[in-house]
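Peer 1: Could you have a look at this structure, given as structure tokens, before my questions?
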Amino acid sequence: MHKRSITSDVVVIGGGLAGVNAAVAAARLGSSVSLITNRPVLGGNSSSEIRVWVVGATAHGHQRFARETGIMGELFLENQFRNAEGNPYYWDQVVLDAVRAEPRISMHLNTDVRDLQMNESGDAIESVTGWTMGSEIETIFDAPLFIDCTGDGLVGHLAGASYRVGREARAEFGEEWAPETADDELLGSSIFFYTKDTGRASKFVAPSIAKDITATPIIRNRVIRTGDNGCDYWWIEWGGEIDTVAENERIRDELWSVVFGIWDHIKNSGEFDAETLSLEWVGSVPGKREYRRFVGDHTLTQYDILDQVEFDDAVAFGGWSIDLHPVEGVYAEKAGAQQRHSAGTYDIPFRSLYSVDVPNLLFAGRNISASHVAFGSTRVMATCATQGQAVGTAAALAGRLGVTPRELGTTHLAELQRTLLREDAPVIGVRVDDPDDLARSARVTASTSQTRLAAPMEADAITDPAERYHLVRDVGLVLPVDPRLDSVSFTVDSRAQTELQIELWHTGRPQNYVPVSLLETRTVTVGVGADLVAACRFDWRPDESQNVVVIVRANADIDLQLTGERPYGVLALERRIAADKPFDAHIAEEDGELLTNWVARGLRHRSFVFEARPATQAYVPERATDGIQRPYGGPHLWASAPQPGLEQWLQLEWEHAVPVSSLRIVYNDDVDEDLINLHHHRTDFDVVPELVTDYRVQARVDGAWRSIVEVSGNRRRHRVHDIETVSADALRLVCLSTAGAPYVSVSALKVYSEASGRS
């Protein structure tokens, strides 16, 4: 047995995605970090030990342009490249490699923290003590700042931090979904299984623990299929009626009994074609959903999420539905989940990420300051990861400035948000001036820009009947409007002379992509024939760039023509509910159906053939330096005219030469594409097609252009290039190729006179 002490700037306890993002964020900003986890791999519930899908604000594609960027985004993109099959062991290594790449992180796997020491006054954490299993090492980790990403909140509990367990009474926060009386009910834990086809007969002898599921409500209330694996069985959940930590062993055994009981039913009931199937893997560690939730200076509630409350101290975002499960879990007689989505993404404030009463304690993950109802949304792992990057960034800054997290959020909030934006962290709608960014003072030009807001018919699809949408449902077309919308026209085929009702709707908030309020209605007369143009005028000018939804009401005499070509930011939507039920945004919102009323289905990556006038300014070069680097009231990026095979450039020019030591380029990685770590859905690409793969950066020094950066095979969104300082009066980003898109798009280009400090 060995004893040792390790001193660092930040200690992160918990190696799930929240902890990983916190550790990497702090390390990249110069802090030394001890990352401690009691498991043999990183990733928490997403790891090969438990195998939960990493889901987040995209809500399986319901929320548009909502995929997380920042460190979580890097993990998504790298996994997409390495792990097209969704292999859980490959995912483990993607996460481990992200931590191994940071030399300032000291990683301690298999190390369980069960004790801590408070300072002399007893109000702040001085150190935590960990025991490394297998190595018999006891380590005291001391630091000025601690981040509890344990999920269960053990470190905060040991430090005396205030927390909640269970459901608050409805009166406490006025939440409609809260119970009348507070109780200890929780979301339960889960264990999953994987199967494989052996190619020959394979028998299964049920172990003694297997439950006869025909004697339970499972058979009549849950769907069992032979092709399902892993998180397809998310509903194998139990333990919400008891203490999910104290009774963890009991919960594991009960979940095993259900898993083996389900498999016994599949193999031996005679109701399934399963003769050659065998179990490949069964989890041994219950994936917990809920336990302690700490109290911060703000407790996030149901209405913060559903009303999309804007917080001045927003440092992260979510978008998953409020997703609550019956306390009986797998044995419930009712549906396995009660869900309600916000109309778009919502803010997570910094005040919900640090302790109200332990001054040097931050937290991220399912233990943040949220009510039980709000936790139903914030608990999913990609959202936890966004919180992790926020608190890791905050810890690095607080340590550097010598302030507490609360002081950082009150007196240095702009610096916190500025740093998050500089690191391309997952925040939406936050705009903070960065005085160090030299690009903000430059004149911005480009080789070309996309000015036509239109989606033309593809030449080889003019006569293809599959390229027609029979208008038996209401449909919507999301358009970025900048600076105004004079008219919209659709190319249609019409079986009879008819009238087409076309409406213009506001999305309510810049991050929304659903119709919220009706602006104008037009009726267009359409004759009989093919390739007709149905045009209407709106003459609408918003105060600033904004998305709108153009709704075309159902008309069975009309086919809208379809195309695979569309400007970035344009979306085609289909109303899920039949056309004989008139759409009313207010009623839909009251029913919690506003978001899920409008879906992509077969229209994802497609558009109706249309043209909007006048020419758009949504893709001008200045968008790359406007301080917003992801879609928000429009695409907020520079996009070249679609000219496949031609290099495109984006240029910054200053009146006088400036010292250039560091460049940050944020490419468009299509945050509308829903990526995931394990088996769920497949894409037909390894690298997001919109990403620029080959590029160089040139500097104009004393009137001559010279190359200072050259990259090939890029697959990342955010690229940081520290270079030997040059004095240049112009920089040019020359984009040579993309991973498939016919245009080049850049979300942000930033220039600094000092190096980033990254290793």
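The values are calculated or read from the model by the stated rules, or taken from the named source; none is laboratory data. The structure presented is a predicted model; accordingly, all values stated were derived computationally and were not measured. Virtual Cβ from ideal backbone geometry, glycine too; neighbours counted across all protein chains shown. Please note that ligands, DNA and RNA were not included when accessible areas were found on the heavy atoms of the full protein model with its side chains. Shrake-Rupley method; radii C 1.70, N 1.55, O 1.52, S 1.80 Å.
Peer 1: Cβ-Cβ distance below 7 Å, separation of 6 or more or different chains: which pairs start in segment 693-711 with a residue that is farther than 16 Å from Glu647 by Cα and end on one that is acidic (Asp, Glu)?
Peer 2: Close Cβ pairs satisfying both conditions: Arg700/Asp729.
Peer 1: Only one of these is surrounded by 18 or more Cβ atoms within 10 Å (Cβ to Cβ) and among the acidic types (Asp, Glu): Asp92, Asp123. Name it.
Peer 2: After applying the criteria, what remains is Asp92.
Peer 1: Would you check which residues across segment 406-432 are over 19 Å from Ile147 (Cα atoms), more than 23 Å from the chain's Cα centre (by Cα) and charged (D, E, K, R) and list them?
Peer 2: Listed by number, the list holds a single entry, Glu415.
Peer 1: Applying the selection to segment 614-633, what residues are surrounded by fewer than 24 Cβ atoms within 10 Å (Cβ to Cβ) and part of a loop (DSSP other than H, G, I, E, B)?
Peer 2: Pro614, Ala615, Gln617, Val620, Asp626, Gly627, Ile628, Tyr632, Gly633
Peer 1: If you go through segment 275-326, how many residues are more than 27 Å from the chain's Cα centre (by Cα) and either aromatic (Phe, Trp, Tyr) or not in a strand (DSSP E or B) (or both)?
Peer 2: Of the residues in that region, 4 qualify.
Peer 1: Moving on to the next point. Considering each of Asp323, Asp304 in turn, give the residue that is surrounded by fewer than 22 Cβ atoms within 10 Å (Cβ to Cβ), in contact (Cβ under 8 Å) with a residue 12 or more places away in the chain and out of contact with any His (no Cβ under 7 Å at 6 or more places or on another chain).
Peer 2: Residue meeting the stated conditions: Asp323.
Peer 1: Still on this model: Need a quick list: strands (runs of 3 or more DSSP E) entirely within segment 128-234 having at least 2 residues that are in contact (Cβ under 8 Å) with a residue 12 or more places away in the chain, over 23 Å from Leu279 (Cα atoms) and open to solvent by 20 Å² or more (accessible area, probe 1.4 Å).
Peer 2: 137-142
Peer 1: Then there's this: Give me the pairs: first residue in segment 250-272 and in contact (Cβ under 8 Å) with a residue 60 or more places away in the chain, second residue in a helix (DSSP H, G or I) and among the charged types (D, E, K, R), beta-carbon distance under 9 Å, and six or more apart or on different chains, which are they?
Peer 2: Every condition considered, no pair remains.
Peer 1: Moving on to the next point. Need the failing condition index for Asp312 against (1) farther than 27 Å from Tyr89 by Cα; (2) crowded, with 17+ Cβ neighbours inside 10 Å, just the number.
Peer 2: Answer for Asp312: the failing condition is (2).
Peer 1: Would you mention how many residues in segment 444-453 are out of contact with any helix residue (DSSP H, G or I) (no Cβ under 9 Å at 6 or more places or on another chain) and surrounded by fewer than 20 Cβ atoms within 10 Å (Cβ to Cβ)?
Peer 2: The qualifying residues number 4.
Peer 1: Hey, another quick one. Here are some residues: Ala496, Ala554, Ala535. Which one is assigned to a loop (DSSP other than H, G, I, E, B) and either within 20 Å of Pro567 (Cα to Cα) or in contact with a Lys or Arg (Cβ under 9 Å, 6 or more places away or on another chain) (or both)?
Peer 2: Ala554
Peer 1: Follow-up. Just to be sure before I move on: is Ala414 over 21 Å from Leu17 (Cβ atoms) and either touching a helix residue (DSSP H, G or I) at 6+ places or on another chain (Cβ under 7 Å) or aliphatic (A, V, I, L, M) (or both) in the structure I sent?
Peer 2: yes
Peer 1: Looking only at residues in segment 540-551 that are of a type in the set (S, T, N, Q) and part of a strand (DSSP E or B), which one is least open to solvent (accessible area, probe 1.4 Å)?
Peer 2: If we take residues in segment 540-551 being of a type in the set (S, T, N, Q) and part of a strand (DSSP E or B), then Asn547 is least open to solvent (accessible area, probe 1.4 Å).
Peer 1: Moving on. Might you let me know whether segment 479-488 holds any residue that is open to solvent by less than 10 Å² (accessible area, probe 1.4 Å), assigned to a loop (DSSP other than H, G, I, E, B) and out of contact with any Lys or Arg (no Cβ under 6 Å at 6 or more places or on another chain)?
Peer 2: There is no residue in segment 479-488 that is open to solvent by less than 10 Å² (accessible area, probe 1.4 Å), assigned to a loop (DSSP other than H, G, I, E, B) and out of contact with any Lys or Arg (no Cβ under 6 Å at 6 or more places or on another chain).
Peer 1: A follow-up question, please. So Arg758 passes all but one of these: (1) in contact (Cβ under 8 Å) with a residue 60 or more places away in the chain; (2) farther than 27 Å from Thr451 by Cα; (3) part of a strand (DSSP E or B). Which condition number does it fail?
Peer 2: Answer for Arg758: the failing condition is (3).
Peer 1: Quick one: which residue in Val720, Val734, Val697, Val687 is buried (at least 17 other Cβ atoms within 10 Å of the Cβ), of a type in the set (A, V, I, L, M, F, W, C) and in a loop (DSSP other than H, G, I, E, B)?
Peer 2: The conditions single out Val687.
Peer 1: Being under 20 Å from Arg104 (Cβ atoms) and open to solvent by 10 Å² or more (accessible area, probe 1.4 Å) is the filter here; which residues of segment 392-420 pass it?
Peer 2: Passing the criteria: Gly399, Arg400, Leu401, Gly402, Thr419.
Peer 1: Is segment 331-339 home to any residue that is within 15 Å of the chain's Cα centre (by Cα) and either open to solvent by 10 Å² or more (accessible area, probe 1.4 Å) or in contact (Cβ under 8 Å) with a residue 12 or more places away in the chain (or both)?
Peer 2: Checked segment 331-339: no residue is within 15 Å of the chain's Cα centre (by Cα) and either open to solvent by 10 Å² or more (accessible area, probe 1.4 Å) or in contact (Cβ under 8 Å) with a residue 12 or more places away in the chain (or both).
Peer 1: Val671: assigned to a loop (DSSP other than H, G, I, E, B), open to solvent by less than 10 Å² (accessible area, probe 1.4 Å) and in contact with a Lys or Arg (Cβ under 6 Å, 6 or more places away or on another chain), yes or no?
Peer 2: yes
Peer 1: Filter segment 235-249 for residues that are farther than 28 Å from Lys203 by Cα and charged (D, E, K, R); which is surrounded by the most Cβ atoms within 10 Å (Cβ to Cβ)?
Peer 2: It comes out as Glu241.
Peer 1: Hey, another quick one. Out of Asp694, Asp684, report the one residue that is out of contact with any helix residue (DSSP H, G or I) (no Cβ under 6 Å at 6 or more places or on another chain), at pLDDT below 95 and acidic (Asp, Glu).
Peer 2: Asp684
Peer 1: Output the residue which, of all residues in segment 31-53 that are polar (S, T, N, Q) and in a loop (DSSP other than H, G, I, E, B), is nearest to the chain's Cα centre (by Cα).
Peer 2: Filtering first and then ranking leaves Ser47.
Peer 1: Being part of a helix (DSSP H, G or I) and open to solvent by less than 20 Å² (accessible area, probe 1.4 Å) is the filter here, so list the residues in segment 95-108 that pass it.
Peer 2: Of everything in segment 95-108, those that are part of a helix (DSSP H, G or I) and open to solvent by less than 20 Å² (accessible area, probe 1.4 Å) turn out to be Val95, Leu96, Val99.
Peer 1: Another one. Check segment 638-645 and report whether any residue there is within 22 Å of Gly344 (Cβ to Cβ), in contact (Cβ under 8 Å) with a residue 40 or more places away in the chain and in a loop (DSSP other than H, G, I, E, B).
Peer 2: no
Peer 1: What do you reckon, is Ala728 surrounded by fewer than 21 Cβ atoms within 10 Å (Cβ to Cβ), small (Gly, Ala, Ser) and on the phi < 0 side of the Ramachandran plot?
Peer 2: No; evaluated as a whole, the condition is false for this residue.
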